[in-house]
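First the structure, in the form of structure tokens, and then the observations on it.
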Amino acid sequence: LAERVGCRLEGDGSIEVGGICALEEAGPADLTFVTDVRHLSRLQASRAGAVILPESASAADRPALRSPNPYLTLARALAVFQPADRVLPGVHATAVVAADARVDPGASIGPLCVIASGAEIGAGTALDAQVYVGANVRIGRDCRVFPQVTLREGTHLGDRVIVHSGAVIGADGFGYARDGARYVKIPQVGRVVLDDDVEIGANAAVDRATLGATRIGRGTKIDNLVQIAHNVQVGEDTVIVAQVGISGSSQIGSRVTIAGQVGVVDHVRIGDNVVIGAQAGVTKDVPQGAVVLGSPAIPHLEFKRQLASTARLPQLGKALRALEERLRALEARLERHGAPGEADA
Amino acid sequence: LAERVGCRLEGDGSIEVGGICALEEAGPADLTFVTDVRHLSRLQASRAGAVILPESASAADRPALRSPNPYLTLARALAVFQPADRVLPGVHATAVVAADARVDPGASIGPLCVIASGAEIGAGTALDAQVYVGANVRIGRDCRVFPQVTLREGTHLGDRVIVHSGAVIGADGFGYARDGARYVKIPQVGRVVLDDDVEIGANAAVDRATLGATRIGRGTKIDNLVQIAHNVQVGEDTVIVAQVGISGSSQIGSRVTIAGQVGVVDHVRIGDNVVIGAQAGVTKDVPQGAVVLGSPAIPHLEFKRQLASTARLPQLGKALRALEERLRALEARLERHGAPGEADA
Amino acid sequence: LAERVGCRLEGDGSIEVGGICALEEAGPADLTFVTDVRHLSRLQASRAGAVILPESASAADRPALRSPNPYLTLARALAVFQPADRVLPGVHATAVVAADARVDPGASIGPLCVIASGAEIGAGTALDAQVYVGANVRIGRDCRVFPQVTLREGTHLGDRVIVHSGAVIGADGFGYARDGARYVKIPQVGRVVLDDDVEIGANAAVDRATLGATRIGRGTKIDNLVQIAHNVQVGEDTVIVAQVGISGSSQIGSRVTIAGQVGVVDHVRIGDNVVIGAQAGVTKDVPQGAVVLGSPAIPHLEFKRQLASTARLPQLGKALRALEERLRALEARLERHGAPGEADA
């Protein structure tokens, strides 16, 4: 196992482990893990037969897999113990597939899916039950689309893309022209492109572009209930946590981290490697590498300074009133006795 | 009726009421309700034949059901007048049910549902149309699952659980290990447990645990579009209002109220009986019984003090400038005439 | 074309345009558009054969359609070049339609839809695949319901209503009575009414009323992932951007704009023509025409003043401390030498 997950083994390598469990649940036949040395104290009480440990942790009381990156080791070990379901190729008898759709013989189409005209589905890709694939959708190889996903017409998925249940890819962007007091719908005739290795969370929504494409770059991971508006461009290896909303035409760089419930207004640019704290509201461009917080979002050190000042605000008011009192006393004293020079006059 | 809803009747008990309506819509054959004495003035104008009234309200001008808890009486009266649909047992011909799934003869499976291998469905439980039930899902008795719900593999539902349309229970948690600049998916092999009497809103998402279980305790009610991340533990009789997001591994106590659009970061503990105000951002543990507000969330009295101070901030700046002016005048006056002792020298 | 979209043609009207593209993507056979004179500089570099221009823009270097409202012209031109799919009337063989449902022969019902008992569907209306239409739902003419929408029992749609994928219309409102520490569900027996020309975004949720109706007025447009709670009343031509949450029984006027991620508490009234800025939290009534921001929301000018003051807070603290230092020096000086009058004594 140590070899398969790329770790150094410490202690008795002959132990057989049958599964992976959290510290508290693990038994003697289980492998457990400690990703942070702060949790080492909980290891002693664990009945686990073996443990994944950070390099920096002190010697273990049981066989250990030493890892410079315990999370990565855990990911690999889980993949060994609980391999993903094998895709059984074939089209379920209850799926409704257009005559001119091209489904690779190595793809799997679950029960009650609908595959519209002109769609293409690559080898190794599995569509679970009740998925909708619109006209001219293109899905690459080894993708996984969970039950009840909607991929509207023209959507493109690269290879190894994962879309979770309830996600809607390619709904119309929210675009209207005003005609007096009324709104006239601007037809949304663009599409959505999800590049290789993108993952989209449950009940998320990625809208099609008005013209052209809304694009999510390679390796970007999007959590549940996120809203990506029309014509947004997201770079590579970016992480967007649950319930974030990105407004129309904004551009998000690569290796950006956007924490939960953040809002980004339309037409702004977020540079590469930016970090946006939870619940922030981004109202203008953010230069690369910046860390921002607050609504409206500002550099995080400034935010923390303002937050500390705000916490002291009630005292500040009191201090100001005390100062005024002292000043008034001083003024009164001078008033009573006259200014010194005047007193001499 | 008074007997069936556990109320004291006041006035003529012989009136026949055919339905329940709001004050403005009710006619002479309808029962209406006043849950708060502030709305009593609107009762006079109502044409309702009878009324549910709080004990504390003054004498009514029509037959009244006196209740110490008018909302509860309303709930019971509605259940009398508009009983829930009777479940007609049986499996719809268009449902796709795995050969080894165990569907109780007293359960109802709607059209175009998919029930995967090893699933168990209890007596009195009704699955509406187009529901997805993954492999080895266990659903107890008398549950109601509305159309287009997804229950991913391994999910457990207790008895009398209600899940609304579009909710996704058991999608993969949002967990990745970094491998250089790229993210590697950590397989999410745990599951979700919804205990007895839980209700989950439309388009909500409750993610499966990485290992072990994400658990929602007995009697907890979760509103629409809520996000519950992997490994979250929620206690009993807790209420989570729409669009709240709870991050991974956080623990929420029992009898907690979380208002709309709140965010809770990962790995925090919220004690029992806590109240969290709308749009708050909880960044650390909250002791039991606390009432918190703001982002980052702080005790609500502190928040209100800061809010009041912030509202006075522009005046505070002005006051400070006025003070400085007076101080400068004083300094100038002393400068001109020398300090008193010096003047004497 | 100029005639069909109601514009003044400038330059050579004989050019043939085959499609509409954004500035950067357009080729010589394409029409492009500039909606804002700030983007005029990007027109020169565009290869577009023709352009939609605001009236106020200077003379163009190519054939131009001059418009007082370029967005409206764009909407109309797109409708000319990319007409919406023609609805092919008929019921797909795999749809499950109750015997007593009334589907107009001019309506289109897609594959794997479920139409329950008593439902009515008007001429020209198209239901895409896998839509759920509950008992006694009424849908008017020329509506478009995208795949995997749920319309719970009793919902009414006017004419030309559009509902996007994953939206859930008519789920139970979030209403409970307390019975000691436990919650008892209040049956939600009302319904939802979507008036003519309403559009509802992907994965949005509009809850049925407890009694009566939750109503969305004519021409109102609601974006993705919005939550509309039970008994909410929304006026006409109002725009509600993504991830907004409106709590129970609140009333929103006509021609209101609610930006993204706003929250509105229950039982408040928002007047006509109100504008609510992104991420605001509305906690009380807002008079018509007001522009509010912040959480809790306040008039936007006040918010901006407070925001500016907050940004200066750290300096304010410093200024206060400097003032105190000067005051202390003054006091000390007076202390050393006595007050002027006293010095004379």
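The values are calculated or read from the model by the stated rules, or taken from the named source; none is laboratory data. These numbers come from a predicted model, not from an experiment. Cβ atoms come from the backbone with ideal geometry, glycine included; neighbour counts cover every protein chain shown. Just so you know, the surface numbers come from the protein's heavy atoms only, side chains and all, with ligands and any DNA or RNA stripped out. Shrake-Rupley method; radii C 1.70, N 1.55, O 1.52, S 1.80 Å.
Taking the average, over residues, of other Cβ atoms within 10 Å as the packing measure, peptides C:74-82, A:132-140, C:311-319 rank A:132-140, C:74-82, C:311-319 from highest down. The figure for residue A:142 is an accessible area of roughly 90 square angstrom, using a 1.4 Å probe on the protein chains alone. Between the C-alpha center of the range C:9-37 and that of the range B:144-158 there is a gap of 51 Å.
Quickly rank A:281-293, B:92-104, C:268-280 as a protection proxy: mean count of other C-beta atoms within 10 Å, highest first.
Details: A:281-293: 17.8, B:92-104: 16.2, C:268-280: 21.3.
Peptide ranking by packing, descending: C:268-280, A:281-293, B:92-104.
Taking C:326, C:141, C:208 as the candidate residues, the one with maximal mean-square fluctuation in a Gaussian network model of chain C, Cα springs under 10 Å, is C:326. Other protein chain C-beta atoms within 10 Å of residue C-beta, averaged over C:210-217: 3. Checking the Cα-Cα distances for A:221/B:304; A:304/C:284; A:221/C:185 against a 31 Å cut-off, the pairs over it are A:221/B:304; A:221/C:185. A straight Cα-to-Cα reach below 17 Å connects residue A:318 with the aspartates and glutamates B:302, B:324, C:324, C:325, residues fewer than 8 places away in its own chain not being considered.
Put one equal scatterer on each alpha carbon of the range B:182-285, apply the Debye formula with no solvent term, and list log10 I(q)/I(0) at q = 0.20 1/Å to two decimals. Here the Debye-derived log intensity ratios amount to -0.94. When the alpha carbon gyration tensor of the range A:18-125 is reduced to an equivalent ellipsoid, the three semi-axes, largest first, read 46, 14, 10 Å. When B:16, B:3, B:325 are compared by accessible area at a 1.4 angstrom probe, the order from most to least is B:3, B:16, B:325. Every helix of 4 or more DSSP H residues in chain B counts as -39500 (n - 2.57), and over all residues that averages to -5500 deg cm²/dmol at 222 nm. Taking a ≥ b ≥ c as the square roots of the eigenvalues of the Cα gyration tensor of the range C:74-150, is the shape rounded (a/c under 1.5), prolate (a/b larger than b/c) or oblate? Because a/c hits 1.5 or more and a/b exceeds b/c, the range C:74-150 counts as prolate.
Entry for the range A:77-117 at q = 0.23, 0.26, 0.31 Å⁻¹: log10 I(q)/I(0) = -0.74, -0.86, -1.08, Debye formula applied to identical alpha-carbon scatterers, no solvent contribution. Computed over the Cα atoms of the protein assembly as shown, pair by distinct pair, the Kirkwood hydrodynamic radius stands at 31.3 angstrom. For chain A, the longest principal axis of the C-alpha atoms and the axis of helix A:300-311 are separated by about 50°. Test of understanding: in a Gaussian network model of chain A with alpha carbons linked when under 10 Å, which of A:90, A:170, A:217 would top the mean-square fluctuation ranking? For chain A, modelled as a Gaussian network with Cα springs under 10 Å, the answer is A:90.
Placing +1 on the Cβ of every Lys and Arg and -1 on the Cβ of every Asp and Glu, with no other charges, gives the range B:36-141 a dipole of roughly 420 debye about its Cα centre.
Taking B:298, B:52, B:200 as the candidate residues, the one with maximal mean-square fluctuation in a Gaussian network model of chain B, Cα springs under 10 Å, is B:52.
Does the range B:159-236 come out rounded, prolate or oblate, given a ≥ b ≥ c as the square roots of the eigenvalues of its C-alpha gyration tensor, rounded meaning a/c under 1.5 and, failing that, prolate meaning a/b above b/c? In terms of gyration-tensor shape, prolate. When nucleic acids and ligands are ignored and a 1.4 Å probe is applied, residue B:121 ends up with an accessible area of around 10 Å².
With each label point set 7 Å from Cα along the Cα-Cβ vector, what nm distance links residue A:47 and residue A:304? According to this spin-label approximation, the distance is 4.3 nm.
Both numbers refer to the Cα atoms of the range C:220-345; Rg and Dmax are 25.0, 82 Å. Let's test the formula: R0 of 41 Å, r as the Cβ-Cβ distance of residue A:86 and residue C:16. What FRET efficiency results, to the nearest 0.05? Given R0 = 41 Å and the Cβ-Cβ separation, E is 0.15. What shape does chain A have by the C-alpha gyration tensor, where a ≥ b ≥ c are the square roots of the eigenvalues, rounded means a/c under 1.5, and otherwise prolate means a/b greater than b/c and oblate the rest? Here chain A falls in the oblate category. Shielding of peptide C:141-151 by partners, expressed as the average count of other chain Cβ atoms within 10 Å per residue Cβ, is 5.
When you look at the Cβ of every residue in B:257-263, what mean number of other chain Cβ atoms sits within 10 Å?
Working: counts 0, 0, 4, 11, 14, 3, 9.
Averaged over the peptide's residues, the number is 6.
Each residue was assigned an accessible area with a 1.4 Å probe, and for residue A:24 the value is about 120 Å². Taken along the Cα-to-beta-carbon direction at a fixed 7 Å, the label points for residue C:102 and residue C:8 span 5.1 nm.
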